[in-house]
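Here's the structure, in structure tokens; my notes come after.
Bear in mind that the values in this text are calculations on the coordinates, not laboratory data. Here the structure is a predicted model, which means the values were calculated and not measured. Cβ placement follows ideal geometry from the backbone for every residue including glycine, while neighbour counts extend to all protein chains displayed.
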Amino acid sequence: MLETGIKAPEFTLEDQNGKPHSLKDYRGRKVILYFYPKDNTAGCTKQACGFAERMPQFREKGAVILGVSKDSVASHKKFEEKYGLPFTLLSDPDKTVIQAYDVWKEKKLYGKTSMGVVRTTYLIDEEGIIIRAFDKVKAADNPGDMLGLL
């Protein structure tokens, strides 16, 4: 996990519509950058729907939500449409940004060890500085916790 107080690594990734987004596009706004393991899994769906339900409050506070996983653009599009997600999902199949933000880690599940995305959320300020960082995030609680921080 990256430290608070440092400049967030710059990136450009395609969203669920194939449109490129760069972190610098969001200067002047707070960014909630959350990394999640996989579209359409129980925890990831809870987290995404939690952000979606609170979207009016996030907008009111001037915050942008960007979700990142290694799923494809097409997978993100299906996920967005299935749950009516009103925010940007970024596709990082090469894990370039996932690794830059230090969220690709060894994970243990049912005694098996594998590499994967550790659910992590960064709050980035208007200047592109990481002001809060949370790893091993609880999917269902994360949206409310982030709203409370703003």
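A cut-off under 13 angstrom between Cβ atoms defines the neighbours of residue 149, and their net charge, with Lys, Arg +1 and Asp, Glu -1, is +1. Structural descriptor for the chain: relative contact order 34 percent, calculated from alpha carbon pairs under 8 angstrom and at least 6 residues apart.
One chain, two ends: residue 57 and residue 27. Fully extended at 0.36 nm per residue, the span grows by 8.8 nm beyond their Cα-Cα distance. Calculated [222 nm] ellipticity per residue, helices only, for the chain: -7500 deg cm²/dmol; basis is -39500 (n - 2.57) per DSSP H run with n ≥ 4, divided by all residues, nearest 500. For the chain, the Kirkwood hydrodynamic radius from C-alpha pairs, put into Stokes-Einstein at 20 °C and a viscosity of 1.002 mPa s, yields a diffusion coefficient of 140 µm² per second.
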